[in-house]
Structure formats: structure tokens, C-alpha cells
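Participant: First the structure, which I've put down as C-alpha cells, then a few questions once you've had a look.
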Amino acid sequence: MRFDGDFHLHTKASDGHDSVRELAQEACRMDMRAIAVSDHSFSSLFCHQTEEKFRAQREEIDGVEGVKIYQGIEANIVDDEGTIDVPDGIIAKADVLTVGFHRFVALMFKPCSRKFLLVNGFLSERERQKLKEFNTRIFLKTLERYPVDIVAHLGHRCPVDYARVAEECAKRDVYVELNEKHILDANGFADNIGAMIDAGAKFVVGSDAHRKDRLGKFEKVGKFLTEHNVPLDRVYGVDGNMPAFKDKSGWKNEL
């Protein structure tokens, strides 16, 4: 099994430690075919992407050779209607739209669901499990409303009905991420991998690396794929199987 793509990387545009060029150089050294930079989105509490930084990042990507680089953004779901914190203009310019649950979101972002963010983010696993159906509906609304490419670290701190979300992902040609940092701490992910496969899910690998020395490191993901007999023809970024992302150039949210 060879990992030749990494579709979740952070740069200095948010809380990463390296530039796009430095990540690209490391990817070339590892003979990878493609990478995606997916910096934290606009309402992330500490370090986040901005329109100015996004434009500068695109210019940097255009000046780098040797490996295919997708410019993405890791969006936060912020309310009960599945709204994400990315302006339409950025969605239209992004190569990859990744969405997921993150707890460190500025609550001044309007609208905002304190129930979704605070209970899932900071209360006990027992309290979070009470929101499983609520969380699932929110994810389904996000997938319906936006041209999502990847759902990041599904289940991490945010319990969902994996089969239902996976079925919707399959319907809308969205990849479920196999996240190196969180594949073992996403409650129920391993127990439900069979149900996600049966639902037709496709998977993509992402290291969630914030430093270049973690780019393309997939020890946990590799072991997970073997132990759970995940069919590799459904896993993208492995053995030359490369993902295809949506054309979002004409995107405008009509809802």
C-alpha cells in the first residue's frame, strides 16, 4: 500500500508552521502525486484564513512546480441549519471544500448554535451522545446546501449516525476523510466503517498535518485500512487512486 496523496494540510495561513512551497518540496521529496492545503476557515477562534491570505496563497500555489496542489479550505459548521463560515466568493475559488465540526469557533459569528458548538465541543461524551440525531440532521443539511468535497474527521467530538451521513456523502459524491490525527478518537468510526462501506461511501486520506514532517505520514490510517478490510478501490490518495473535486466556479448560495 502506497500513499501518494495527502488532502488535508495546514499552512501559515492558519495554524500550520510551513509555507505552501515548503509543503510542496516535502511532497516532491516523498514522490507524492498531489496534496491539498485546507486552512481553517473564517470563524476559527485562533488562527484562520482570510480573503487576503487566500488570494496570496493562490499566487504562491501558482508559482510552485513539481506536485499538483489543490487549494482548499476547512470550513466550520456553525448553526442548526448547516451553515458554514465561508463566503460564497471563496467557495467559488476553492479547489476543495472540506467541512467538519470544530469546537474553537468564535461565537460572535452570526448565526451560531451554542448547543451544537458548546455541548459537542466541551461537555462529556455522555452529553454529546444525546445530540447524535441533532448532529446528523445538521450534517445532512450542510451536504444538501453546499458543494462539499470532503467531510473531515467525521465523528470527532460530534456523534453522528455514520451510515446516514455516509449514504448522503455517496449520493452527493462527497469523500469521507480517513484522518490520521483523529481516526482512532472519533467515537464509533471504526465500529461503523462496515456500515459506511455498505452505504457506498468513498474515502480520502488526510494527515491533518500542521508541520511538513507529518505530511504523508499515515501509520494509523494504513493499519486501519488493513485491520478493517477497507476496499482500496474506494480509498483515494492510495496506490495511484486520485480524487476528483467539484467545479465550484459558478457557486452562489441561493438559500
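The values are calculated or read from the model by the stated rules, or taken from the named source; none is laboratory data. Please read all numbers here as calculations on a predicted model, not as lab measurements. With ideal geometry, Cβ positions are generated from the backbone for all residues, glycine too; neighbour counts draw on all protein chains shown.
Yes or no, residue by residue, for (1) surrounded by 17 or more Cβ atoms within 10 Å (Cβ to Cβ); (2) at pLDDT 95 or above; (3) in contact with a His (Cβ under 9 Å, 6 or more places away or on another chain):
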| position | (1), (2), (3) |
| --- | --- |
| Gln129 | no, yes, no |
| Leu143 | yes, yes, no |
| Val176 | yes, yes, no |
| Asn179 | yes, yes, yes |
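Participant: Next question. Give the residue that is surrounded by the most Cβ atoms within 10 Å (Cβ to Cβ), with candidates limited to residues of region 5-21 that are free of Cβ contacts under 8 Å to residues at least 60 places away in the same chain, farther than 16 Å from His48 by Cβ and of a type outside the set (D, E, K, R).
Facilitator: So the residue we want is Val20.
Participant: Name the single residue that is surrounded by the fewest Cβ atoms within 10 Å (Cβ to Cβ) among those in region 22-40 being of a type in the set (A, V, I, L, M, F, W, C) and under 11 Å from Glu74 (Cβ atoms).
Facilitator: Ala36
Participant: While we're on this one: I'm trying to understand the selection: among the residues of region 91-116, which are at pLDDT below 95, closer than 19 Å to Gln49 by Cβ and not in a loop (DSSP other than H, G, I, E, B)?
Facilitator: Within region 91-116, just Val105 meets the criteria.
Participant: Of the numbered conditions (1) modelled with pLDDT of 95 or more; (2) surrounded by fewer than 20 Cβ atoms within 10 Å (Cβ to Cβ), Pro87 fails exactly one; give the number of that condition.
Facilitator: (1)
Participant: Another question, if that's okay. Being part of a helix (DSSP H, G or I) and buried (at least 21 other Cβ atoms within 10 Å of the Cβ) is the filter here; which residues of region 188-211 pass it?
Facilitator: Matches in region 188-211: Ile193, Met196.
Participant: If you don't mind, another one. Looking only at residues that are touching an Asp or Glu at 6+ places or on another chain (Cβ under 6 Å) and more than 26 Å from Phe116 (Cα to Cα) in region 54-84, which one is surrounded by the most Cβ atoms within 10 Å (Cβ to Cβ)?
Facilitator: Gln71
Participant: Filter region 168-190 down to the residues that are among the acidic types (Asp, Glu), closer than 20 Å to Asn120 by Cα and more than 12 Å from the chain's Cα centre (by Cα) and list them by number.
Facilitator: Result: Asp185, single match.
Participant: Can you tell me how many residues within region 236-255 are of a type outside the set (Ser, Thr, Tyr), in contact (Cβ under 8 Å) with a residue 40 or more places away in the chain and touching a strand residue (DSSP E or B) at 6+ places or on another chain (Cβ under 7 Å)?
Facilitator: Matching residues across region 236-255 total 6.
Participant: Out of the residues in region 182-214 meeting the condition of being of a type in the set (Gly, Ala, Ser) and in contact with a Gly (Cβ under 9 Å, 6 or more places away or on another chain), tell me which one is nearest to His153 (Cα to Cα).
Facilitator: Ala186
Participant: Might you check whether a residue that is surrounded by 19 or more Cβ atoms within 10 Å (Cβ to Cβ), over 23 Å from Phe203 (Cβ atoms) and charged (D, E, K, R) occurs anywhere in region 41-53?
Facilitator: No, every residue in region 41-53 fails to be surrounded by 19 or more Cβ atoms within 10 Å (Cβ to Cβ), over 23 Å from Phe203 (Cβ atoms) and charged (D, E, K, R).
Participant: Pick out the one residue from Phe116, Phe122, Phe104 that is crowded, with 19+ Cβ neighbours inside 10 Å and either within 16 Å of Asp85 (Cβ to Cβ) or in contact with a Lys or Arg (Cβ under 7 Å, 6 or more places away or on another chain) (or both).
Facilitator: Going through Phe116, Phe122, Phe104 in turn, the sole match is Phe116.
Participant: If you don't mind, another one. Does Asp233 fit the bill of being surrounded by fewer than 16 Cβ atoms within 10 Å (Cβ to Cβ), free of Cβ contacts under 8 Å to residues at least 12 places away in the same chain and outside any strand (DSSP E or B)?
Facilitator: Yes: the conditions hold for Asp233.
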